[in-house]
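What follows is a short report on a single structure.
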Amino acid sequence: MAIVKKRMILIIPEEMLLEPVLYTINQQYDLKISIYNSDLIGNEGIMKLELEGEEKQIEEGLAWAMTRGIRVETAG
């Protein structure tokens with residue numbers, strides 16, 4: 001399969017801030033992750049990042065994040 005890159009924004013709720021979210025996505029879904037920006041706003045963490053890997057793996061990794069309460073948006 002072809003390797004693709006997707007720029008995304010992850011909005012992480014307060015209860016997930018200490019969880020190894022990016023490590024899990026990297027290890028379980030075999031994705032490369034480049035972080036472009038991260039910040040704490042209120043009680044949420046906001047990360048702008050690029051995921052690189054197979055389309056299916058990216059979709060599965062983002063779906064896992066959403067099941068954990070993380071909001072996922074496409075970065076423009």
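Computed over the chain, relative contact order equals 46 percent, with contacts defined as Cα pairs under 8 Å that lie 6+ residues apart.
With a simple spin-label model that places each label point 7 Å from the Cα along the Cα-to-Cβ direction, the separation between Ile11 and Asn26 comes to 2.6 nm. Each residue, Ser34 and Arg71, gets one label point 7 Å from its Cα in the Cβ direction; the gap between the two is 2.6 nm.
Grouping the Cα pair distances of the chain into 5 Å bins from zero gives a pair-distance distribution of 3, 17, 29, 29, 15, 5, 1, 0 percent in increasing distance order.
Each of Val21, Val72 was scored by other Cβ atoms within 10 Å of its Cβ. Listed from fewest to most, they are Val72, Val21.
Every number here is computed from the coordinates shown, using simple stated rules; none is lab data. For clarity, every value in this text was computed on a predicted model and none was experimentally measured. Counting neighbours? That spans all protein chains shown, and the Cβs are built from the backbone with ideal geometry, glycine included.
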